[in-house]
Amino acid sequence: MNLMITMILGGLWHGAAISYAVWGAFHGIALALERFITDKVRIKETPVVTVVKTLFVFFSVTLAWLLFKLPEFDHVIKYLQSIANNTHLKNDYKLITYILVYSSIVVFYHAAYLIYRNKSLPKLQNFDYVAYAMMLFLIMTNSGSSGSFIYFQF
């Protein structure tokens, strides 16, 4: 209960709108469920379980961040409806290539980390430094359009 209250208050701290409270509640529910499942359910940690958990966390957090980009709650609903109803996808291979190139290092990092955690495989020397350097390089080469710092609006 304390975790839920803290997360809802954290959402309201970001703004006095229902979308921020829902963002906090969503994260609070996810954290409470994660703690409950971790404490009560004993699941053997395999690479498949780790990948499923990682994808679930990524999907959940990405979905919740829509509430920051689209602070009006009804805009989030319309956005999700438009994704679900979009059957006229354009074959934009340039965009797809950019997404694959810039996301590949994150996928590589997590895959290599799973290998690194396996005790029977040799440890990679300076793996973190190389992976972080590659991610920093990709961030710097594609910084996107300039925008104001998100907390300037609060």
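Derivation of every value follows stated rules applied to the coordinates shown; laboratory data play no part. What you see is a predicted model, and the numbers here were worked out from it, not measured in a lab. Here the Cβ is made from the backbone with ideal geometry for all residues, glycine too, and neighbour counts use every protein chain on show.
To the nearest 20 Debye, how big is the dipole of region 1-111 about its Cα centre, given +1 on the beta carbon of each Lys and Arg and -1 on that of each Asp and Glu?
Working: 9 positive and 6 negative charges, 47 e Å.
It works out to roughly 220 debye.
What do you get for Rg/Rh over region 1-103 if you use C-alpha atoms and the Kirkwood form of Rh? Spell out each step's value before the answer.
On the way: Rg = 17.1 Å, Rh = 16.1 Å.
Result for region 1-103 is an Rg/Rh of 1.06.
Mind ranking 54-62, 36-44 by how tightly packed they are, going by the mean number of other C-beta atoms within 10 angstrom, highest first? Walk me through the numbers before you get to the answer.
Values: 54-62: 11.8, 36-44: 8.6.
The packing order, highest mean first, is 54-62, 36-44.
Please give the peptides 76-83, 12-19 ranked by average Cβ packing (other Cβ atoms within 10 Å per residue), highest first, as a rough proxy for protection.
On the way: 76-83: 12.1, 12-19: 15.0.
Top of the packing list down: 12-19, 76-83.
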